[in-house]
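Colleague: Please see the structure below; I have some questions.
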Amino acid sequence: MHKIDVILGLQWGDEGKGKIVDYLATDYDMVARFQGGPNAGHTLKFGGKKYVLHTVPSGIFRENLNNLIGNGVVLDPVTFQRELRNLEESGVNFSRRLFVSRKAHLILPTHRWLDAASESHKGISKIGSTLKGIGPTYMDKTGRNGLRIGDVESPNFREKYEALKTKHMELLKIYPPIDFDLETAEREWFESLATLRSLPMVDSEYFVNNALSEGKKVLAEGAQGSMLDIDFGTYPYVTSSNTVTAGVCTGLGVAPQKIGRVIGISKAYCTRVGGGPFPTEQDNETGELLRKEGMEFGATTGRPRRCGWIDLPQLRYTNLINGVTEICMTKIDVLNIFTEIAAATHYQYGGKTTDQLPFDLCQTEVSPLLKKYKGWNSSLDGIRTFDKLPSEARAYLEDLEQMLGVPIKMISTGPEREKLIVK
């Protein structure tokens, strides 16, 4: 019986997971998203075209592959319908191979309204929400008020919807009023349910486990990154779900001993969107160069990302909590232009030098200890094997691998499908 392999981000999201899932997908029978919502923006580039997926798993472009939206995901039917239309226009046939878990929660129009009202009310202490209603939906899930995908098959679905909406309208009274066109949003929402109902709905825990026991190979795809995990991230500047390996068990319904390879994705540097701590941030010319060279603007929001050097204490931490078996290093080509690059090896805080993260990275003043490396100052275009990389690039990667204690098995040298070195 095969185990379920996992692919997830080791930093603050935007590590380039979509491309890697798409590349690995040829070895699998199913790709399953296990958490998050339409705040994900997985960008894939091939055939000279760029695609951005928000809810649909990144295995959708591989023709014979099943794709599952797991129970740990929150789904906005409107965004979802838009995404499916884009796929249709690109000639992608998904109707018989995109499955949705009945236990996944629905994002209502009033969830989006609550999200916007709450974030606007926070003023300068904003957490940098994407305003897609994801936080409020997860709050209803844990508050046991939520509506689930399976509910759309229920004869009293409208009643359930109205009850939750009424509750939201009461909650909205605590915030200063903001503009929100509920009538239009609701009309779109109810219309988009037809698309949702046209897809096969499944009980994902049976669906995934049956696939595994039939010897099928399943790849679990995460969204966001480990440092945005609700438990282990830089709380409160985090997302509302478990983005780590443990989230696969709860987000798909598989037991811990069924987890196989854990492929962690890390950029060769570091980025973060929105507020929150970022120890290696280069709020200077270096950061500007990284942003420009790496085109660091959000795939979902278009927001400029904050940029800095790679952070090894942070990566050791996420390797630890995820049980990472191998690393894929992306965007190494962004470092081509630098004569010198750096990596944080330790933190200094509270009068000590350590490679452990403090309990509260938001409140603790941390100084990273940087190790400098000589840059390679040349293009990596056309390089397909590790030994053909410039010696400085090899030295940098080998040193990172040694300090992290986890093998770097893949190196991505550009956004296109073919720009990948596999060791």
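Coordinate-derived values only; no laboratory data. Everything numeric in this text was worked out from a predicted model, so none of it was measured. Cβ: placed from backbone, ideal geometry, glycine included. Neighbour counts: every protein chain shown.
Colleague: Please compute the length gained on full extension between L289 and V422, using 0.36 nm multiplied by the number of residues separating them and subtracting their Cα-Cα distance.
Modeller: Net length gain for the segment: 45.1 nm.
Colleague: For the range 1-160, report the % of Cα-Cα distances exceeding 19 Å.
Modeller: Pairs farther apart than 19 Å: 59 percent.
Colleague: Name the most mobile residue of P177, P136, P279, meaning the one with the largest mean-square fluctuation, in a Gaussian network model of the chain with Cα contacts below 10 Å.
Modeller: Of the options given, P177 has the highest mean-square fluctuation.
Colleague: Mind grabbing the base-10 log of I(q)/I(0) for the range 354-423 at q = 0.16, 0.28 Å⁻¹? Debye formula, identical points on the C-alpha positions, no solvent, two decimal places.
Modeller: Debye intensities relative to I(0), on a log10 scale: -0.72, -1.33.
Colleague: Take the Cα pairs of the chain, get the Kirkwood Rh, then feed it into Stokes-Einstein at 37 °C and 0.692 mPa s and tell me D in µm²/s.
Modeller: Once the numbers are plugged in, D ends up at 148 µm²/s.
Colleague: On to the next question. Provide the descending list of Cα extents for the range 226-327 along its principal axes, expressed in whole angstroms.
Modeller: Principal extents (largest minus smallest coordinate, Cα): 47, 25, 22 Å.
Colleague: Follow-up question, since we're still on this one. Return one quarter of the surface area of the convex hull spanned by the alpha-carbon atoms of the range 190-245, equal to its mean projected area, in nm².
Modeller: Answer in nm², one decimal: 6.0.
Colleague: Next question, about the same structure. Work out the FRET efficiency for S90 and M1 from their Cβ-Cβ distance, taking R0 = 41 Å, and round it to the nearest 0.05.
Modeller: For R0 = 41 Å, the calculated efficiency reads 0.70.
Colleague: Name the GluC sites (Glu not before Pro) in the range 311-375 that are in a loop by DSSP and that have at most 15 other C-beta atoms within 10 Å, would you?
Modeller: Sites meeting the loop and neighbour criteria: E365.
Colleague: Using a cut-off of 14 Å between beta-carbons, work out the net charge of the residues near F232 (Lys and Arg +1, Asp and Glu -1, F232 not included).
Modeller: Within the 14 Å Cβ shell, the charges total -2.
Colleague: Another question, if that's okay. Using R₀ = 35 Å, calculate the FRET efficiency as 1/(1 + (r/R₀)^6) where r is the Cβ-Cβ separation of Y175 and F297; round to 0.05.
Modeller: 0.75
Colleague: Okay, next question. Mind sorting S412, S95, S241 by how few other Cβ atoms lie within 10 Å of their own Cβ, fewest first?
Modeller: Going from sparsest to densest Cβ surroundings: S95, S412, S241.
Colleague: What list do you get for I174, I337 if you sort them by fewest beta carbons within 10 Å?
Modeller: I174, I337
Colleague: Normalised by the number of residues in the range 215-308, what is the relative contact order in percent for Cα pairs under 8 Å and 6+ residues apart?
Modeller: Over the range 215-308, the number comes to 20 percent.
Colleague: Kindly work out what percent of the DSSP beta bridges joining two residues of the range 1-124 are antiparallel, to the nearest 5.
Modeller: 35
Colleague: Label 7 Å along Cα→Cβ of H346; the range 295-326 residues with amide nitrogen under 13 Å?
Modeller: Within reach of a label on H346: 313.
Colleague: What list do you get for R306, R394, R384 if you sort them by fewest beta carbons within 10 Å?
Modeller: R384, R394, R306
Colleague: Next question, about the same structure. Counting helices only, and only those DSSP H runs with n ≥ 4, report the 222 nm mean residue ellipticity of the chain as the sum of -39,500 (n - 2.57) divided by its residues, in deg cm²/dmol to the nearest 500.
Modeller: Helix contribution divided over all residues of the chain: -9000 deg cm²/dmol.
Colleague: As I understand it, the value is the acute angle between the Cα axis of helix 109-122 and the longest principal axis of the Cα atoms of the chain; what does it come to in degrees, rounded to 10?
Modeller: Taking Cα atoms only, the helix is inclined about 50 degrees.
Colleague: Also: Would you mind putting 87-93, 386-392 in packing order, based on average other-beta-carbon counts within 10 Å, highest first?
Modeller: 386-392, 87-93
Colleague: With a cut-off of at most 10 other beta carbons within 10 Å, and DSSP calling the residue loop, which trypsin sites (Lys or Arg not before Pro) in the range 163-260 qualify? Please list them.
Modeller: K173
Colleague: Where is the GNM fluctuation largest for the chain (alpha-carbon springs, 10 angstrom cutoff): I178, I332, I411?
Modeller: Of I178, I332, I411, the most mobile in the Gaussian network model is I178.
Colleague: In degrees between 0 and 90, to the nearest 10, how far off the longest principal axis of the chain does helix 77-89 point, with axes built from Cα atoms?
Modeller: 70
Colleague: Tell me, what are the semi-axes, in whole angstrom and largest first, of the equivalent ellipsoid of the range 269-423 as set by the roots of 5 times the Cα gyration tensor eigenvalues?
Modeller: Ellipsoid semi-axes (Å, largest first): 25, 19, 15.
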